[in-house]
Amino acid sequence: MSGTALEPTSDQILAQVISSLEDDKAEDIVTIDLRGRSSIADYMVICSGRSSRQVGAIAEKLTERLKEKYGRLCKIEGKDQGDWVLIDSADVIVHVFRPEVREFYQLEKMWMPSGGTI
């Protein structure tokens, strides 16, 4: 990536994340706006894959696409287990779960505005 390229906005990263997740058939995609609520990122995206294999593939393709399009190197954790993969692109944090694991942790309830104080 050349030094003259503009750094992508968090909204551009989010759009690419959503597009990638949809392309790979992620299910129940939820976007949570964290701006003004947390310093960890501007957005959190939570989705599900039907199997451990699909969860890993969704995460892998997402990191490849962000690197290819924006030169963005993401931190990724949990890909080998495939139950819950965390992708940190700095502006957007993505959680890809198997449905049972997502139900167990109920991350959306913790972060949604109607969930009480944060």
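The values are calculated or read from the model by the stated rules, or taken from the named source; none is laboratory data. Because the structure is predicted, anything quoted here is derived from the model rather than measured. Please note: Cβ atoms are built from the backbone with ideal geometry, for glycine as well, and neighbour counts cover all protein chains shown.
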- Note on the structure: Cβ pairs under 9 Å, 6+ apart or interchain, first in the range 66-82 and over 18 Å from GLN54 (Cβ atoms), second among the basic types (Lys, Arg), ordered by first then second residue, are LEU66/ARG72; LEU73/LYS67; CYS74/LYS67
- Message: Return the residues of the range 30-82 that are closer than 16 Å to GLU100 by Cα and either modelled with pLDDT under 95 or of a type in the set (D, E, K, R) (or both); say none if nothing qualifies.
- Response: ARG50, ARG53, GLN81, GLY82
- Note on the structure: The residue that is surrounded by the most Cβ atoms within 10 Å (Cβ to Cβ), considering only those in the range 96-110 that are part of a helix (DSSP H, G or I) and without any contact (Cβ under 8 Å) to a residue 40 or more places away in the chain, is VAL101
- Message: Against the condition under 12 Å from ILE13 (Cα atoms) and surrounded by fewer than 20 Cβ atoms within 10 Å (Cβ to Cβ), how does TYR70 come out, does it pass?
- Response: yes
- Assess whether VAL85 counts as being in contact with an Asp or Glu (Cβ under 8 Å, 6 or more places away or on another chain), crowded, with 20+ Cβ neighbours inside 10 Å, under 14 Å from VAL17 (Cβ atoms) and modelled with pLDDT of 95 or more. yes
- Query: Considering the range 15-48 alone, what residues qualify as being polar (S, T, N, Q) and more than 17 Å from ALA59 (Cα to Cα)?
  - Reply: SER38, SER39
- Task: Look through the range 86-101, keep the residues that are out of contact with any Phe, Trp or Tyr (no Cβ under 8 Å at 6 or more places or on another chain) and not small (Gly, Ala, Ser), and return whichever of them is nearest to GLU27 (Cα to Cα).
- Result: PRO99
- Message: Pairs please, first residue from the range 6-18 and without any contact (Cβ under 8 Å) to a residue 12 or more places away in the chain and crowded, with 18+ Cβ neighbours inside 10 Å, second anywhere and of a type in the set (D, E, K, R) and part of a loop (DSSP other than H, G, I, E, B), Cβ atoms under 8 Å, 6+ apart in sequence or on different chains.
- Response: none
